[in-house]
1. K72 versus (1) touching a Leu at 6+ places or on another chain (Cβ under 7 Å); (2) of a type outside the set (F, W, Y); (3) outside any helix (DSSP H, G or I): which is the lone unmet condition?
2. Would you please list the contacts, defined by Cβ atoms under 8 Å and residues six or more apart or on different chains, that run from a residue in the range 215-236 that is over 25 Å from P43 (Cα atoms) and in contact (Cβ under 8 Å) with a residue 12 or more places away in the chain to a residue that is in a helix (DSSP H, G or I) and β-branched (V, I, T)?
3. Quick check: anything in the range 278-301 assigned to a loop (DSSP other than H, G, I, E, B), modelled with pLDDT under 85 and farther than 22 Å from S84 by Cβ?
4. When D128 is evaluated against the numbered criteria (1) within 13 Å of the chain's Cα centre (by Cα); (2) surrounded by fewer than 17 Cβ atoms within 10 Å (Cβ to Cβ), which criterion, by number, is the only one it fails?
5. Which pairs turn up if I take residues in the range 151-172 that are closer than 16 Å to L133 by Cβ and modelled with pLDDT of 90 or more and look for partners that are of a type in the set (S, T, N, Q) and surrounded by 12 or more Cβ atoms within 10 Å (Cβ to Cβ) with beta carbon separation below 7 Å, at least 6 apart in sequence or on another chain?
6. Restricting attention to the range 174-182, does a residue exist that is surrounded by 18 or more Cβ atoms within 10 Å (Cβ to Cβ) and either at pLDDT 65 or above or not aromatic (F, W, Y) (or both)?
7. Across the range 237-265, what is the number of residues that are surrounded by fewer than 19 Cβ atoms within 10 Å (Cβ to Cβ) and over 16 Å from F45 (Cβ atoms)?
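The values are calculated or read from the model by the stated rules, or taken from the named source; none is laboratory data. These numbers were taken from a predicted model, which means no experiment stands behind them. Every residue, glycine among them, receives a Cβ derived from its backbone with ideal geometry; neighbour counts consider all protein chains shown.
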Amino acid sequence: MAGKPFYKSKRFWGVIFSLGFLYYCFYDINLKALWGVISGIHPLFLVGALVCQLLIPVWKSLRWKFILDPIKKIRFWDMFSVFSMGWVLNVSLPMLTGQVARTFLLSKKHQIAKTKSFASIALEIIFDGSSLLILMTLLSFFFAFPTWLIKGQHTLALFLGIGILLLYLLILNQKLFTKIKEKFPHKVTEKIEYISASFSEGLQILKSSKHLVIVGSLSFLAWFTQVLTVTLLIVAFGFQLPVWGAIVIVVINTLMLMFPITPANIGTFQIATIGGLAFFGISKTEALSLGLLLHAIDIIPLLTLGIFFMTFEKRVSPRAVESVPSEVPQAHQTKVP
């Protein structure tokens, strides 16, 4: 069967949205003035921001390693390479396909069931979301959120609540699934039981208080490093913002990029930065200059690392993971891979 026309694909509309957002960002900008702002940046603080940005994937790779520790011991460097390659795929593939690709990469390289790998990424999202929610709650004592941001906070809290409840049911309330199984045919219940059991095994970290503390600490460390990156860039540009101003920028960017619309968040990222800095009276030209530079140091270093690992391993490409095979046992299988 022929594939659907390109103009009906997510990539096509992602590019269209990206071009529209970029037009909004640049249509009334004096490019000479923009370059003047960028060229006047303090290089020492820029280097500091770059170093901090490079630490973020280190913390997240370590966190992923500790999430998976109860299932399988994997070296940090191996986790870092998979994380970097997955990040490249997350940039190049539409919507959240790249996150699914990361489960495929981990399963292929370390022989971990895809459902367990997916469970580890679900836990990452829960920890990131919980940390962000705590950060927003603390920030609310210093900054009056606009209505749309408050709605975003409530939506995040709702999704987190649902996610945590589902994880609780999976790991602690298997009797519920036993009752559900009785209402479905055997073949269907066998698949449900297999996926549920495998996914639950991927949540073993929730039974270890030591690992929970480590993973939670690494989540906060990643957020702190992100805030420090933005703070150093603000200082590098010489903008006058309150101490907590960088947290506002990080929160707004994160909420606006929660559901990827454009390739590599091009356009969306810049609009989020312009909107965040507007609260502090920073002009559009200055805000756009910071947004462009922040986006560059967010993408280019990890993109370079990811491509290096992909080239070195010679086994991964976006085409190879766009269609991730489902992991369902046949009737004769008795062992979970």
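1. (1)
2. The qualifying pairs are V215/I67; V215/I205.
3. Among the residues of the range 278-301, not one is assigned to a loop (DSSP other than H, G, I, E, B), modelled with pLDDT under 85 and farther than 22 Å from S84 by Cβ, which makes the answer no.
4. (2)
5. Close Cβ pairs (under 7 Å, with a partner that is of a type in the set (S, T, N, Q) and surrounded by 12 or more Cβ atoms within 10 Å (Cβ to Cβ)) do not exist here.
6. No, the range 174-182 contains no residue that is surrounded by 18 or more Cβ atoms within 10 Å (Cβ to Cβ) and either at pLDDT 65 or above or not aromatic (F, W, Y) (or both).
7. Adding up the residues that qualify gives 8.
Let's see how each residue does on (1) without any contact (Cβ under 8 Å) to a residue 40 or more places away in the chain; (2) of a type in the set (A, V, I, L, M); (3) more than 29 Å from G129 (Cα to Cα):
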| residue | (1), (2), (3) |
| --- | --- |
| A49 | no, yes, no |
| Q53 | no, no, no |
| P57 | no, no, no |
| M79 | yes, yes, no |
